[in-house]
Amino acid sequence: MTRHALADAEWASVHTILMQVPGIWKYREEELRRFVEAVLWVCRTGAAWMDLPASFGLADTVRRRYRRWAQRGVWERLFGSSVPVGGDGVVLIDATICKAHRSSSGARGGATEEIGASRGGITSKIHAATDTDGRALRLVLTGGNVNDCTQFEALVRDVPMTALVADRGYDTDKIRTILAGCGVTAVIPTKRNRKVQIEHDRTLYAKRHAVENFFLRLKDFCRVTMRRDKTAASYIGFAHLAATVINMRQKKRLCP
């Protein structure tokens, strides 16, 4: 296994999933693996498509196939297959800002494509839900100017849990009411300006480092750290691929 390629066991898992996806090119396993690892190389290094080594094939062919798969949700489906099942019932949520390169502007049609102006400049924001082992359960993409708490329902919808751990940015009456109605313990520190402070389980809250660790690993993939893609579908495709690799390797406690 290398930083820029998949181990044989990892590829076997990926190949099994891809064979179940209809309507995509998947007939020669060796070439299919080369394509997936070409995308992984770009995702890891953050390089432009034109800088793809010749050993991976024609850069424009790889780029166009990656784009088609992103539009069809193949990368998201691949990620979904890596999401852990079971666990201790504790879910952690948070968000991270990613800078947008100048080449990410100018998408056709004038749509914002989940890019916005924030304190960090022109950015996108990746919201994530993880388990206590730092494995991703769901990713949501928004512009960098979107408040974290607005994506709470999108992150945890249909995710089984007994407790939710989050920072003060998620301390709203609406979120607490939803969690209470579902019988879920809210492990969320109260904002300092709240008139009545609400206690939380500090021992459980200490596990919040797992979602921060996930973001650290996610940003080891340079194509995620610096957004170059004009469309939201293409950008989140890289994030889903990176999260798939993290989930597979975190299960074995291997550094991605």
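Rule-based calculations on the coordinates, nothing more; no lab input. Quick caveat: nothing in here was measured; it's all calculated off a predicted structure. Counting neighbours? That spans all protein chains shown, and the Cβs are built from the backbone with ideal geometry, glycine included.
Give the shape of segment 142-209 as rounded, prolate or oblate, defined through the alpha-carbon gyration tensor: a ≥ b ≥ c are the square roots of its eigenvalues, a/c under 1.5 means rounded, and otherwise the shape is prolate if a/b is larger than b/c and oblate if not.
Rounded, because the longest to shortest axis ratio a/c is under 1.5.
Could you work out the helix-only [θ] at 222 nm for the chain, with each DSSP H run of four or more residues adding -39,500 (n - 2.57) and the total divided by the number of residues, to the nearest 500 deg cm²/dmol?
Mean residue ellipticity at 222 nm (helix-derived): -12000 deg cm²/dmol.
In nm, give the distance between the simple-model label positions of Arg119 and Thr150, each being 7 Å from the Cα along the Cα-to-Cβ direction.
1.7
Considering only the chain, what is the antiparallel percent among its DSSP beta bridges, to the nearest 5?
70
Principal axes first, then extents: for the Cα atoms of the chain, list largest minus smallest coordinate on each axis, whole Å, largest first.
In descending order, the Cα extents are 62, 40, 30 Å.
Given labels modelled 7 Å from the Cα in the Cβ direction, how far is it in nm from Ala9 to Gln197?
That separation, rounded to one decimal, is 4.7 nm.
Tell me, Tyr27, Tyr205 in order of fewest to most beta-carbon neighbours within 10 Å?
Tyr27, Tyr205
Rank these for me by crowding, Trp69, Trp11, going from fewest to most other beta carbons within 10 Å.
Trp11, Trp69
Which pairs in the list Lys174/Lys195; Lys26/Lys219; Lys99/Lys174; Lys125/Lys191; Lys99/Lys230; Lys99/Lys191 are over 24 Å apart, alpha-carbon to alpha-carbon?
Lys26/Lys219; Lys99/Lys174; Lys99/Lys191
Using the alpha carbon gyration tensor of segment 90-228, what are the three equivalent-ellipsoid semi-axes (square root of 5 times each eigenvalue), largest first, in whole Å?
Calculated on Cα positions only, the semi-axes equal 29, 16, 14 Å.
Counting only DSSP beta bridges with both residues in segment 90-228, tell me the antiparallel percent, nearest 5.
The antiparallel proportion sits near 70 percent.
Tell me the net charge near Thr225. Cut-off is 10 Å between Cβ atoms, Thr225 excluded, with +1 for each Lys or Arg and -1 for each Asp or Glu.
+3
Enter the Cα centre distance for the pair segment 38-116 and segment 137-211, rounded to the nearest angstrom.
Here the two parts' Cα centres lie 26 Å apart.
Could you give each residue of segment 100-114 its phi-based ³J(HN,Hα) in whole Hz, using Karplus coefficients 6.51, -1.76, 1.60 with θ = phi - 60°, and x for Gly or Pro?
Karplus values, whole Hz, x for Gly and Pro: 9, 5, 4, 6, 7, 8, x, 5, 4, x, x, 5, 6, 6, 6.
Neighbouring Cβ atoms within 10 Å as the yardstick, rank Asp158, Asp171, Asp201 fewest first.
Least crowded to most crowded, the residues run Asp158, Asp201, Asp171.
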